[in-house]
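Q: Below is one structure. I have some questions about it.
The values are calculated or read from the model by the stated rules, or taken from the named source; none is laboratory data. Because the structure is predicted, anything quoted here is derived from the model rather than measured. When we count neighbours, we look across all protein chains shown, and the Cβ atoms used for this are built from the backbone with ideal geometry, even at glycine. Heavy atoms of the whole protein, side chains included, go into the accessibility calculation; ligands, DNA and RNA do not. Shrake-Rupley method; radii C 1.70, N 1.55, O 1.52, S 1.80 Å.
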Amino acid sequence: MDGNNKVIRLIKWILLNNTRPVSLVLSGCPAIEDLIVVDQQIETRCNNIIKMEKLGLTTSEKQSEFADLVVSLFKEMPNAIKVDLKKPLTYQRLMLASQGNVRTLTAILKRSIEMIELDGAITNQVLEDAWDKCTTKKMKDEIGIRPFTANESKIHAELKRLKMI
């Protein structure tokens with residue numbers, strides 16, 4: 001966290017020497033965020049600092065954001081959808097299966113499309129099979145249950161244990 005560090009100097013140079021707005025995405029360890037505040041010139045030139053974090057269902061606002069994301073992803077699917085997008089349990093299952101990670105969620109949905117026939121439908125079983133193929137053993141072990149076939153009380157308990165609700 002030295003102001004003379006090459007990375008910090010590069011970020012500062014990019015921000016100071018561009019006449020057009022430049023977007024920087026800093027990702028990695030939690031300390032990466034500290035790069036912005038190491039040098040006051042960097043901090044004052046960053047108009048919008050947005051923290052990217054895992055999705056969750058902890059507030060009604062976060063629930064609404066997640067529902068909007070899921071609905072927008074499902075709109076891209078060419079096949080019939082047999083899961084009920086009006087039930088909170090559907091979102092809880094998808095949140096648990098992805099552990100709040102958008103990339104994992106997208107992978108599950110894409111894989112579910114690949115797995116069905118042209119005239120097939122996306123059901124909880126198809127989503128379960130897709131989840132099984134797209135996630136690691138470690139992720140499955142962390143979750144501890146099958147997110148698309150477990151009952152509602154188990155889903156809720158697991159989301160609570162993982163502090164996702």
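Q: Could you please give the count of residues in the stretch 115-137 that are in contact (Cβ under 8 Å) with a residue 40 or more places away in the chain and part of a helix (DSSP H, G or I)?
A: 2
Q: Also: Kindly indicate whether Ser112 is assigned to a helix (DSSP H, G or I) and in contact with a strand residue (DSSP E or B) (Cβ under 7 Å, 6 or more places away or on another chain). Even if it seems obvious, please write down each step before you answer.
A: Values: assigned to a helix (DSSP H, G or I): yes; in contact with a strand residue (DSSP E or B) (Cβ under 7 Å, 6 or more places away or on another chain): yes.
So Ser112 passes the test.
Q: Checking Leu85 against (1) assigned to a loop (DSSP other than H, G, I, E, B); (2) touching a residue at least 60 places away in the same chain (Cβ under 8 Å), only one condition comes out false. Which one?
A: (2)
Q: Taking the stretch 82-95, which residues are aliphatic (A, V, I, L, M), open to solvent by 30 Å² or more (accessible area, probe 1.4 Å) and under 17 Å from Ser153 (Cβ atoms)?
A: To start, the set of residues in the stretch 82-95 that are aliphatic (A, V, I, L, M) comprises 83, 85, 89, 94-95.
Narrowing the set further to residues that are open to solvent by 30 Å² or more (accessible area, probe 1.4 Å) leaves 85, 89.
Selection gives Leu89 alone.
Q: Quick check on my filter: what residues within the stretch 96-133 are at pLDDT 90 or above, more than 19 Å from Lys163 (Cβ to Cβ) and crowded, with 20+ Cβ neighbours inside 10 Å?
A: Those that are at pLDDT 90 or above, more than 19 Å from Lys163 (Cβ to Cβ) and crowded, with 20+ Cβ neighbours inside 10 Å: Ile108, Val126, Leu127, Ala130, Trp131.
Q: What residue, among those in the stretch 138-159 that are open to solvent by less than 20 Å² (accessible area, probe 1.4 Å) and outside any helix (DSSP H, G or I), is farthest from Met95 (Cα to Cα)?
A: Ala150
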